[in-house]
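Data first, discussion second: the structure below is written as structure tokens.
The values are calculated or read from the model by the stated rules, or taken from the named source; none is laboratory data. If you're wondering where the values come from, they're calculated on a predicted model, not measured in any experiment. Note that each Cβ is placed from the backbone with ideal geometry, even for glycine, and that neighbours are counted across all protein chains shown. Heavy atoms of the whole protein, side chains included, go into the accessibility calculation; ligands, DNA and RNA do not. Shrake-Rupley method; radii C 1.70, N 1.55, O 1.52, S 1.80 Å.
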Amino acid sequence: MKVRIKFSKYGALRFIGHLDVMRFFQKALRRAGIDVAYTTGFSPHQIMTFASPLGMGLCSLGEYMDIEVCSWQSSEDMKRRLQAVCPAGIDILSVRALPDPVPNRKVISAMASVAAASYAVVWKEDGRSFDGCQELTQGFLAQEEIGALKETKQGTTKVNIRPGIYELRVEDGALVFLVDASSSGNIKPSLVTEAFLDFAGLSVPKDGLQYIRLEIYTDQGSPDQPRLVPLEEMGVLF
Amino acid sequence: MQLPDFKNRLALPDRILLSVDKPARYIGGEVNAVYKDPERVNIRFVMCFPDVYEIGMSHLGIQILYEMFNRYEDVWCERVYSPWTDLDRIMREEKIPLFALESQDPVREFDFLGITLQYEMCYTNILQILDLAGIPLLSKDRGDDVPIVIGGGPCSYNPEPIAPFFDLFYVGEGETAYRQLLDLYKENRAAGGDRNSFLRRAAREVPGMYVPSLYEVTYHKDGTIASFLPKEPGVPEKVRKEIVMDLDSAPYPEKPVIAYTKAVQDRVVLEIQRGCIRGCRFCQAGQIYRPVREKRLETLKRTALAMLEGTGQEEISLNSLSSSDYSHLEELVDFLMETCREKKVNISLPSLRIDAFSLDVMGKVQDVKKSSLTFAPEAGSQRLRDVINKGLTEEAILQGAALAFAGGWSRVKLYFMLGLPTETEEDIRGIAELCNKIVALYYETVPKEKRNGPVQIVASTSFFIPKPFTPFQWAPMCTREEFLQKAGLTRHAVHEQLNQKRIKYNWHEADVSVLEGVFARGDRRVAQVILRAYQKGCLYDAWAETFRYDLWLAAFEECQIDIGFYTARERGKEEIFPWDFLDCGVNKAYLWREWERAQRAEVSPNCRQSCQGCGAARFGGGVCFEAKEGAAG
Ligand code: SF4
């Protein structure tokens, strides 16, 4: 059975990299006694995939990992067992079973099904917030073109990121937005934030902002009528 | 909107953590790291491995002591490693004091800073640790406001080149005397004593403790030691190493700390025995850990299971100097293979002799096509192997290789040393010839249709460095030029072989070996060179990318210390060595006998064949009290 695990990452664990998180879970699953499926061969490894790696320094309330298990009791049991072996900085938020793949249809991994992601950006410094920028968001979104420098394999190119920004608002002092996170059109949260700061005429000291990933979405609609749903909703409790 | 906690409670601000390589090195909080309430402990101890995190975290000794200390209710033991050069620069610029990983508290505020000394080339990193911590580099300049700095580990068997930097050395195995030392510390503090009174009492009352400042060294005109004596009565003339005789009940970490970032040793390590029966004459570990003490099979089975459960590691490795000599190896390996198959854990079996048994096991636990066989003949000719007392014969190597080729292996690694005592050009050519014979053997034994790609031999040579407490402690070491010439000769000889295309030859840097030679047999006067080199910017000398031979040479020059005095000079029978005040169990008379036998190319039997009377039997256990082969009863 394929299982989708949603977890958060915060505190000092902001400073461990994506590969470190993978290595952490490989061992955590064993400590928790979860009956994970392995590949065959001389050095078997766990069948495990992750959705959109999180950049160094970011927090998240919506990280995802898919694993395959051979035996299980319940979502609740698996969640409890895994949580018990996690240190401060990683919490298991939900454990759900993914439906069996329909014959002749490609199995979609956590990685491949990502369409969008939402972020909150806040000031690290006490007492500072985006509260005063409420009115500016409409003007920002009204722009037809928002230029940003995007790093690609060929070097940096100037791109228009406006079509990839689906929502942007100020909420509880944080700048909150939903952007394209698909493999073809992925927009880094820092590009949106920098463009907005620029638009608002604000300057921030280096590493003065904390980025928090809130959720990762898949698109269950059609090309003309997208319907974004959180990755966890593709699974069911068991 | 509920946001997660991102408040920084670390010693380094986000800005710095995000600008250095692998910030996970500095945040602590790893799985199985121990946290205690500082208000509820009496003693804060910080254990240091003076190299980068990924290396230090792979070291078993620290994990054992960390476990032991943290089992004590009154002690909180934390860890610290050398900040990498990027953070080193920032900490100096911004005057950020070195901190322990768990509490993130400054090292300077601890009661003890314990530094493990695993190799000589970490000596400048010791100074870095002290410097960044804000602890005066020289013991004599320290007051009561800084931790007691303790050294331990293999290099403390000749602590003299770094003696002025330490308040105290703990000589021998850490499991035995620390409790007594810590109790003394508490007692001394309660009685209003200071650092000096503690060190004095430690030297007098606690076994295995060497306080360098309490000894006086005088020299002859020729620079050799005239006398090495305690400055005051009650301080022992000889410090005997500490040793654990019952390893089964000694503390062992069933839940070692697991690094987030990939450690060099990303696996659980099962120590099966301490010591080695073989007595190779170049090997220090083979002497200082005498006598061999094995752990019981039941202990090992229980520990292996507990460690796998406690860590979730995907690999287990055996640790010992020579695993093949462990009495219950077959049963242990059978058990591990069974368990690991069930748990999908990989097994790695280093230091196994190549024979039918080990090949059978390796064939089951690794991919034969991808793995290679390792032999360590150490010398190219039988004569020289007899000199160094390496029991491996050419016949055994060729037999092992033939078996392995039949089993599908086609890659062979061979390790040799250059510059061994009595070595001739013929011995060096023997290295190339042995490689050639192995290639030829492959073509002879494996029919064309069964060949699994071309055979590949990788021969590596390191340079021989005489070490204290070995029969070669009297031997002259080669100069840098001689080393390079020998490496050139080896390369040339390899090229002359018929099958040279299938042989790859690698050799070590000679510069580092020369320095290692100085530190290995150096005395107190060498400390000023280390200090000078550090001040000139030497750091991470074990790393090729940061090693600065030119700065080291300048430091020697400025301190007027002659490298050749410590390396190339042949020592006489009567010379007092800087490490003679230590008693590691084996005595000098036995070592001298072995040195003489070496010069006659006479081999000595191992401890199980017949006892050589090395002196280690006085510890009252281990292999010395097993029934010997062939002996009645
Ligand atoms: S006393 Fe004999 S048996 Fe014991 S370690 Fe020494 S040589 Fe080996």
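Quick look at the values:
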read-out: Long-range neighbours under 7 Å by Cβ, at least six apart or interchain, first residue on the phi < 0 side of the Ramachandran plot and outside any loop (DSSP other than H, G, I, E, B) within the range B:261-272, second crowded, with 19+ Cβ neighbours inside 10 Å and of a type in the set (Val, Ile, Thr); value: B:268/B:311; B:268/B:316; B:270/B:303; B:270/B:316
read-out: One residue from B:600, B:525 being charged (D, E, K, R) and surrounded by 14 or more Cβ atoms within 10 Å (Cβ to Cβ); value: B:525
read-out: Residue satisfying condition, being within 16 Å of the ligand (Cβ to nearest atom), within 25 Å of residue B:218 (Cα to Cα) and among the hydrophobic types (A, V, I, L, M, F, W, C), within set B:591, B:515; value: B:591
read-out: Within the range A:114-145, considering residues that are assigned to a loop (DSSP other than H, G, I, E, B) and touching a residue at least 60 places away in the same chain (Cβ under 8 Å), the one surrounded by the fewest Cβ atoms within 10 Å (Cβ to Cβ); value: A:125
read-out: Of all residues making up the range B:64-73, the number that are under 15 Å from residue B:180 (Cβ atoms), out of contact with any strand residue (DSSP E or B) (no Cβ under 6 Å at 6 or more places or on another chain) and of a type outside the set (A, V, I, L, M); value: 1
read-out: Close pairs (8 angstrom Cβ cut-off, 6 or more residues apart or separate chains): away from chain A (no Cβ under 14 Å) in the range B:601-616, near the ligand (Cβ under 6 Å from one of its atoms) and of a type in the set (S, T, N, Q) anywhere; value: B:604/B:612; B:605/B:612
read-out: Some residue of the range B:560-583 being within 16 Å of the ligand (Cβ to nearest atom), within 30 Å of residue B:224 (Cα to Cα), at pLDDT 95 or above and not in a helix (DSSP H, G or I); value: yes
read-out: Scan of the range B:308-356 for residues that are open to solvent by 50 Å² or more (accessible area, probe 1.4 Å) and either part of a helix (DSSP H, G or I) or of a type in the set (A, V, I, L, M, F, W, C) (or both), ordered by number; value: B:309, B:321, B:330, B:331, B:334, B:338, B:341, B:342, B:343, B:356
read-out: The one condition in (1) within 14 Å of chain A (Cβ to nearest Cβ); (2) under 26 Å from residue B:416 (Cβ atoms); (3) surrounded by fewer than 16 Cβ atoms within 10 Å (Cβ to Cβ) that residue B:366 fails to fulfil; value: (3)
read-out: Residues of the range B:444-460 that turn out to be assigned to a helix (DSSP H, G or I) and in contact (Cβ under 8 Å) with a residue 40 or more places away in the chain, as a count; value: 1
read-out: The listed residue being out of contact with any Gly (no Cβ under 6 Å at 6 or more places or on another chain), open to solvent by 20 Å² or more (accessible area, probe 1.4 Å) and within 14 Å of chain A (Cβ to nearest Cβ), out of B:22, B:36, B:95; value: B:22
read-out: Filtered residues of the range B:247-257 (kept if over 21 Å from the mean Cα position of the chain (by Cα) and touching a residue at least 12 places away in the same chain (Cβ under 8 Å)); value: B:248, B:254, B:255
read-out: Restricting the range B:39-63 to residues that are out of contact with any strand residue (DSSP E or B) (no Cβ under 7 Å at 6 or more places or on another chain) and within 14 Å of chain A (Cβ to nearest Cβ), the residue that is nearest to residue B:16 (Cα to Cα); value: B:54
read-out: For residue B:324: the one exception among (1) within 21 Å of residue B:390 (Cβ to Cβ); (2) within 16 Å of the ligand (Cβ to nearest atom); value: (2)
read-out: Wholly enclosed strands (runs of 3 or more DSSP E) of the range A:1-113 bearing at least 1 residues surrounded by fewer than 19 Cβ atoms within 10 Å (Cβ to Cβ) and away from every other protein chain (no Cβ under 13 Å); value: A:48-50, A:59-68, A:90-97
read-out: Hey, residue B:615 in contact with a strand residue (DSSP E or B) (Cβ under 7 Å, 6 or more places away or on another chain), within 10 Å of the ligand (Cβ to nearest atom) and over 29 Å from residue B:480 (Cβ atoms) or not; value: no
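Residues checked against (1) within 16 Å of the ligand (Cβ to nearest atom); (2) among the hydrophobic types (A, V, I, L, M, F, W, C); (3) away from chain A (no Cβ under 14 Å); (4) touching a helix residue (DSSP H, G or I) at 6+ places or on another chain (Cβ under 8 Å):
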site	(1), (2), (3), (4)
B:262	no, no, no, yes
B:287	yes, no, yes, yes
B:292	yes, yes, yes, yes
B:296	no, no, yes, yes
B:299	no, no, yes, yes
B:310	no, no, no, yes
B:313	no, no, no, yes
